[in-house]
1. Checking residue 61 against (1) under 11 Å from the mean Cα position of the chain (by Cα); (2) not in a helix (DSSP H, G or I), which single condition isn't satisfied?
2. Residue 6 versus (1) touching a Phe, Trp or Tyr at 6+ places or on another chain (Cβ under 9 Å); (2) among the aliphatic types (A, V, I, L, M); (3) in contact (Cβ under 8 Å) with a residue 40 or more places away in the chain: which is the lone unmet condition?
3. Give the number of residues within the stretch 1-20 that are farther than 13 Å from residue 64 by Cβ, within 9 Å of the chain's Cα centre (by Cα) and among the charged types (D, E, K, R).
4. Please enumerate the residues belonging to the stretch 23-51 that are in a helix (DSSP H, G or I) and either over 11 Å from the mean Cα position of the chain (by Cα) or over 18 Å from residue 11 (Cα atoms) (or both).
Amino acid sequence: MIKEDAWVIKSWRENGCTWRRIADYAAEKWPEREYNPGNQEQGIFLCDLAAELLGERPNGKPWN
């Protein structure tokens, strides 16, 4: 994941996407990465990784 991707994921989360929906959107946007749509664990992982790339705390808002 690159920083630009992290901003995209953050915008989804700020707009109220659940972790499952984050996985859905990621699978749609980046099919070559083979994300699993609807996978809550993957959505959590993507949010955690995005937060870290942006220098934010994954357990703070909007991530958790």
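1. That leaves (1) as the condition not met.
2. With (1) touching a Phe, Trp or Tyr at 6+ places or on another chain (Cβ under 9 Å); (2) among the aliphatic types (A, V, I, L, M); (3) in contact (Cβ under 8 Å) with a residue 40 or more places away in the chain applied to residue 6, the lone miss is (1).
3. Residues in the stretch 1-20 being farther than 13 Å from residue 64 by Cβ, within 9 Å of the chain's Cα centre (by Cα) and among the charged types (D, E, K, R): 1 in total.
4. Listed by number, the residues that qualify are 28, 29, 31, 32, 33, 41.
Bear in mind these aren't lab numbers, they're just calculated from the coordinates by the rules spelled out. Fair warning: this is a prediction, and the values are worked out from it, not measured in the lab. We place every Cβ from the backbone using ideal geometry, glycine too, and count neighbours over all the protein chains shown.
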